[in-house]
């Protein structure tokens with residue numbers, strides 16, 4: 001399911017790139033590790049530190065959650081959490097079959113200039129318990145300070161980073177079991193397809209739309225690296 005924004009034609013390119021760069025990198029700083037994060041003043045309160053070393057206090061397990069980026073929406077879908085709202089420029093993504101499908105059409109839409117500039121008034125009207133963003137959403141957090149907590153994940157550069165973000169979100173939302181299961185499912189499928197893949201090819205990874213094509217290299221895989229094996233890769237090898 002994760003990161004199914006890419007169509008099947010692009011999936012093969014992503015998969016083979018992952019294989020050529022499959023040595024896991026160091027975990028990103030967003031993980032709820034012993035070094036970075038403190039936990040719980042009481043059973044009801046969770047105190048954590050995000051990727052920007054900002055302390056976030058949650059009085060309860062959040063139920064109404066917003067995701068400000070495809071990465072964040074993708075994680076929520078994998079954890080089985082329907083967002084309280086979605087940015088209007090990510091509405092089509094939310095309605096993908098591997099995301100929220102038909103149910104995605106019922107999710108409230110939030111006006112936005114870009115992924116970095118949601119309509120703050122509409123955000124507040126949705127009364128979220130938690131917003132999950134990336135470390136590029138600092139201005140949004142400042143604008144919402146004292147209104148709703150915004151936890152910033154680190155932008156993933158490897159699939160190991162993406163797994164770390166998934167597990168972090170699992171900790172925040174009480175979905176640890178779901179996060180662990182999704183991560184293991186990905187790793188198992190990655191190992192299966194790695195064993196089947198060609199070993200003698202150089203791959204160019206591209207993504208985007210007809211009028212906006214981008215390419216990635218080994219040091220700039222960004223958000224497109226996690227979830228490839230979760231997609232329906234059966235057709236690649238059959």
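The values are calculated or read from the model by the stated rules, or taken from the named source; none is laboratory data. These figures come from a predicted structure and were not determined experimentally. Neighbour counts run over all protein chains shown; Cβ positions are idealised from the backbone, glycine included.
Per-structure values
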item: Residue match in segment 121-141 (condition: under 17 Å from the mean Cα position of the chain (by Cα), loosely packed, with under 15 Cβ neighbours inside 10 Å and under 22 Å from residue 157 (Cβ atoms)); result: yes
item: Condition met for residue 183 (free of Cβ contacts under 8 Å to residues at least 40 places away in the same chain, over 14 Å from the mean Cα position of the chain (by Cα), more than 16 Å from residue 50 (Cα to Cα) and in a helix (DSSP H, G or I)); result: no
item: Some residue of segment 101-116 being under 18 Å from residue 153 (Cβ atoms), modelled with pLDDT under 95 and crowded, with 21+ Cβ neighbours inside 10 Å; result: no
item: Test: residue in segment 150-163 that is out of contact with any helix residue (DSSP H, G or I) (no Cβ under 6 Å at 6 or more places or on another chain) and more than 20 Å from residue 50 (Cβ to Cβ); result: yes
item: Residue list for segment 113-132, filter: within 18 Å of residue 56 (Cβ to Cβ) and not in a helix (DSSP H, G or I); result: 127, 128, 129, 130, 131, 132
item: Tally, over segment 70-100, of residues that are surrounded by fewer than 18 Cβ atoms within 10 Å (Cβ to Cβ), without any contact (Cβ under 8 Å) to a residue 24 or more places away in the chain and outside any loop (DSSP other than H, G, I, E, B); result: 2
